Amino acid sequence: MKKPVLRFAPSPTGLLHVGNARVAMMNWLFARKHGGEFILRFDDTDPERSKDEYVDAIREDLRWLGIDWDREERQSLRQDRYDVAIEQLKSEGLLYPCYETEGELNWKRKAARQRHQPFIYDRKALLLDPAEIRALEAEGRKPHWRFKLPDGVVEWDDMCRGLCHFDTQHVSDPVLIREDGSLLYMLGSVVDDLEMGVTHIIRGEDHVTNTVAQILVYMALGGQPGGLDFGHTPLLAGPGGSQLSKRLGSLSLRELRNDGFEVPALVGLLTGLGASDRIEPATMREAIETFDISAYGRSTPKFDPADLASLNEKIVHDMPYDQARDKLAAAGMEGMDEAFWQAVRGNCWRVAEAREWWDVVHDAIVPEIDDEDREFLTQAADMLPQGDLDGTSWKSWTGAVKEATGRKGKQLFMPLRKALTGREHGPEMSALLPMIGSEKARARLCGQAV
């Protein structure tokens, strides 16, 4: 295999979301798996929508995932290179002006839908004579520019889909330049891919048709046949198999990060879906070992937020205190020690959930006491040992209470838990009781909100 060069080219018009994060992961994993180069290339040619704050946010979110890059490029600094390509394509008759308004094009698209056919531009702009063009421009119309696709069949061996071939008569000439002179994605992308030596492009299957035109523009600008290898991965579907909702599809990494999701949960799910029957948490470095772009095939993977939460829960349940300490401090639990974390982590699906049990131990709670249990709890309070409690106190105390009251099982343990924590479920009481302390525990058993 030639040394691979891959790129991730986000538009800095918003935060990085789940869908494009998955694309970034796959391109990075392929580059690192095969000893190649990974380029972060910002498609920032839209001056109104592109913001430096999003450039910074994308960099930060990629680093959070564990993605680094060998070089960074910004398309806004390369307009001179695009201008050269534009003039070349115009001089060769491959880039031609079209004067239809958006409304006129929409009418043609609607007519094609009514015929149950895809919209294919009819190339009527090529039939305009100079006088007709002058008349249109006199109306104030400005042209958009389309690339003229040559007749023939375009083929490539897709890394995910296998052999793909399209007859260009079934593909519309793509617009490369808007009426206002700004570039659409394809022209800048092809110029950059050529000059930066990009060899492989991994992206969603919604780009398959675009690839036909992209290969032809690439070759028109001097690219060699087979110079680019493509891999089009299936798009994620929702839990029921339907198209992933816009809300979930646009879920930003920043939002996930702020909600307490751990990187290995996100990496494991997004790289494992469609490629593995068994999905486990993984860092980006760990994912390199198992990554195989050909494993993604053509089946539609289902993205379920519940699966992401389940992976996150697994990570938190096994998380060592050293990894949790800074996260706990950031969530307002700076004083939590290792014993406390080990006691409560099994009841948390994210680190910040530990706050509930931190508050149960340190803040006042309202004991949950049923009328039929009041006398029992008062008797249990009288039997609670004085002074410091330890990991054996719960067992010895409840054993004594059982002997004295005759209660056992749920009738014994549930009233005690509800009075001491205000909850029916939670961490092992043998760990919580010493943290609550005998004085506070006795008060709660007697119904005091402490």
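The values are calculated or read from the model by the stated rules, or taken from the named source; none is laboratory data. Remember, it's a predicted structure, so these values are computed and weren't measured experimentally. Positions of Cβ are backbone-derived with ideal geometry, glycine not excepted, and every protein chain shown enters the neighbour counts.
Some notes on this structure:
- Beta carbons closer than 9 Å, at least 6 apart along the sequence or on distinct chains, pair a first residue in region 402-431 that is under 12 Å from ALA380 (Cβ atoms) with a second that is polar (S, T, N, Q) and assigned to a helix (DSSP H, G or I) for ALA404/GLN379; THR405/GLN379; LEU412/THR398; LEU412/THR405; PHE413/THR398; LEU416/THR398.
- Qualifying residue in region 64-79 (condition: over 30 Å from GLU262 (Cβ atoms), touching a Pro at 6+ places or on another chain (Cβ under 7 Å) and not hydrophobic (A, V, I, L, M, F, W, C)): no
Okay, residues lined up against (1) under 30 Å from ILE293 (Cβ atoms); (2) exposed (fewer than 13 other Cβ atoms within 10 Å of the Cβ); (3) not assigned by TED's automatic domain parsing to the domain that holds THR300:
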| position | (1), (2), (3) |
| --- | --- |
| GLU137 | no, no, yes |
| GLY140 | no, yes, yes |
| LEU163 | yes, yes, yes |
| ILE202 | yes, no, yes |
| ASN210 | yes, no, yes |
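- Strands (runs of 3 or more DSSP E) wholly inside region 1-85 that include at least 3 residues being in the same structural domain as GLY197 (by TED's automatic domain parsing) and touching a Lys or Arg at 6+ places or on another chain (Cβ under 7 Å): 37-42
- Here GLY332 fulfils each of the conditions (1) in a loop (DSSP other than H, G, I, E, B); (2) surrounded by 14 or more Cβ atoms within 10 Å (Cβ to Cβ); (3) without any contact (Cβ under 8 Å) to a residue 40 or more places away in the chain; (4) not acidic (Asp, Glu) apart from (2).
- Scope region 249-307; condition of a type in the set (Phe, Trp, Tyr) and either outside any helix (DSSP H, G or I) or at pLDDT 95 or above (or both); matching residues: PHE261, PHE291, PHE303
- Restricting attention to region 335-368, the residues that are in a loop (DSSP other than H, G, I, E, B) and not basic (Lys, Arg) total 11.
Here is a yes/no grid of residues against (1) among the β-branched types (Val, Ile, Thr); (2) under 30 Å from LYS302 (Cβ atoms); (3) in contact with a helix residue (DSSP H, G or I) (Cβ under 9 Å, 6 or more places away or on another chain); (4) at pLDDT 95 or above:
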| residue | (1), (2), (3), (4) |
| --- | --- |
| GLY197 | no, no, no, yes |
| ILE202 | yes, yes, yes, yes |
| HIS207 | no, yes, yes, no |
| GLN214 | no, yes, yes, yes |
| GLY223 | no, no, yes, yes |
| GLY226 | no, no, no, no |
| PRO234 | no, yes, yes, no |
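- Residue check for GLY409: more than 48 Å from the chain's Cα centre (by Cα) and more than 28 Å from ALA331 (Cβ to Cβ): no
- A single member of ARG444, ARG423, ARG417 is within 17 Å of ASP371 (Cα to Cα) and touching a His at 6+ places or on another chain (Cβ under 9 Å), and it is ARG417.
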